[in-house]
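As structure tokens, the structure follows; a few thoughts come after it.
The values are calculated or read from the model by the stated rules, or taken from the named source; none is laboratory data. Quick caveat: nothing in here was measured; it's all calculated off a predicted structure. Because the Cβ atoms are built from the backbone with ideal geometry, glycine has one as well, and the counts that use them run over all protein chains shown. Surface accessibility is based on the protein's heavy atoms, side chains included, excluding ligands, DNA and RNA. Shrake-Rupley method; radii C 1.70, N 1.55, O 1.52, S 1.80 Å.
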Amino acid sequence: MIFAANFKMNHTRASTRTYMIELAKQMKYKKAEDRVIVFPPATALDSYDGDFAVGAQDAYTATSGAYTGEIGVEQLKEFGINSILVGHSERREILRETQEVVATKFQFFKTQGFEIIYCIGEPLEVREQGHDAVMEYLLAQFDGVDIEYDNSIIAYEPIWAIGSGRSANADEISSTHSAIKAAINRPLLYGGSVKPDNIKEIIGIKDVDGVLVGGASLKVNSFMELVRCAC
Ligand code: PGA
């Protein structure tokens with residue numbers, strides 16, 4: 001199982017360091033074969049000791065250069081970071097990243113050899129149209145994306161389940177994951193209101209290879225409840 005923590009625009013550099021020190025201590029409770037990846041905000045990217053990886057929530061498609069406000073590969077490599085989230089719905093919806101921008105990012109970080117956690121997910125109005133509409137929407141989010149890239153992980157995150165407290169139900173996760181896997185055979189995470197009281201059910205679903213967690217990852221003890229539940 002893969003347990004990925006997406007802090008979004010939460011935590012400071014100081015509170016992230018405190019979190020990582022505690023997380024490192026608690027990694028003895030995770031199964032050896034499980035993986036933990038933490039995506040702190042850019043200001044808290046650093047080298048941290050512990051049996052977990054640190055990734056970037058976003059970066060620009062260049063190594064370095066005249067791109068005011070951005071960070072690139074040079075700033076990530078300083079800390080040995082080579083995992084990145086691409087295509088998160090908040091970047092698509094709020095930061096207005098089009099499919100073309102997302103696909104360009106995927107391609108760039110692929111050529112850099114990064115592990116890419118590629119996020120897809122449908123809005124509520126599409127979910128309400130049923131499974132076929134959902135799959136058509138999700139598969140269109142692979143336009144321009146090299147689905148064969150072997151250092152990629154897919155994260156299915158229904159937009160209506162993110163931060164809403166209402167995760168998708170087991171049937172929705174199961175049918176969507178098995179259809180995604182049939183099209184693209186990569187590790188597949190579920191994200192959207194994953195928390196201690198639903199983790200067991202979610203990771204028990206076939207074709208769920210892990211979780212991408214926002215709110216419930218912000219406190220180390222709550223995130224560790226998820227990781228430990230897999231043991
Ligand atoms: P959530 O966010 O766990 O707070 O719903 C998940 C995500 O956006 O990755």
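Quick check on my filter: what residues within the stretch 49-101 are open to solvent by less than 60 Å² (accessible area, probe 1.4 Å), farther than 26 Å from Gly144 by Cα and more than 19 Å from the chain's Cα centre (by Cα)?
Answer for the stretch 49-101, where residues must be open to solvent by less than 60 Å² (accessible area, probe 1.4 Å), farther than 26 Å from Gly144 by Cα and more than 19 Å from the chain's Cα centre (by Cα): Gly50, Phe79.
Report every pair of residues separated by at least 6 positions or lying on different chains whose Cβ atoms are under 7 Å apart, first residue within the stretch 110-132 and touching a residue at least 12 places away in the same chain (Cβ under 8 Å), second of a type in the set (D, E, K, R).
Lys110/Asp146; Ile116/Lys110; Cys119/Glu157; Gly121/Glu157
What number of residues within the stretch 1-48 satisfy the criterion of being outside any loop (DSSP other than H, G, I, E, B), within 19 Å of the chain's Cα centre (by Cα) and farther than 25 Å from Val73 by Cα?
Residues flagged as outside any loop (DSSP other than H, G, I, E, B), within 19 Å of the chain's Cα centre (by Cα) and farther than 25 Å from Val73 by Cα within the stretch 1-48 amount to 1.
Just to verify a result, which residue in the stretch 154-169, among those that are aliphatic (A, V, I, L, M) and open to solvent by 30 Å² or more (accessible area, probe 1.4 Å), is farthest from Ile2 (Cα to Cα)? Lay out the reasoning, then the answer.
Going residue by residue through the stretch 154-169, those that are aliphatic (A, V, I, L, M) are 154-155, 159, 161-162, 168.
Of the ones still in play, those that are also open to solvent by 30 Å² or more (accessible area, probe 1.4 Å) are 159, 162.
Working: Ile159: 20, Ile162: 18 Å.
Here the residue is Ile159.
Select from the stretch 175-202 the residues that are open to solvent by 30 Å² or more (accessible area, probe 1.4 Å) and either in a loop (DSSP other than H, G, I, E, B) or within 19 Å of Arg35 (Cβ to Cβ) (or both) and list them in ascending order.
Within the stretch 175-202, Lys181, Asn185, Arg186, Pro187, Lys195, Pro196, Asp197, Lys200 qualify.
Kindly check whether there is at least one residue in the stretch 104-113 that is out of contact with any strand residue (DSSP E or B) (no Cβ under 9 Å at 6 or more places or on another chain), under 18 Å from His88 (Cα atoms), surrounded by 14 or more Cβ atoms within 10 Å (Cβ to Cβ) and polar (S, T, N, Q).
yes
Return the residue satisfying two criteria in turn: it lies in the stretch 130-153 and is away from the ligand (no atom under 16 Å from the Cβ) and out of contact with any helix residue (DSSP H, G or I) (no Cβ under 9 Å at 6 or more places or on another chain), and of such residues it is most open to solvent (accessible area, probe 1.4 Å).
So, considering only residues that are away from the ligand (no atom under 16 Å from the Cβ) and out of contact with any helix residue (DSSP H, G or I) (no Cβ under 9 Å at 6 or more places or on another chain), the one most open to solvent (accessible area, probe 1.4 Å) is Glu148.
Hey, among the residues in the stretch 157-202 that are of a type in the set (Ser, Thr, Tyr) and under 15 Å from the mean Cα position of the chain (by Cα), which one's farthest from the ligand (Cβ to nearest atom)?
Going through the qualifying residues, I end up with Tyr190.
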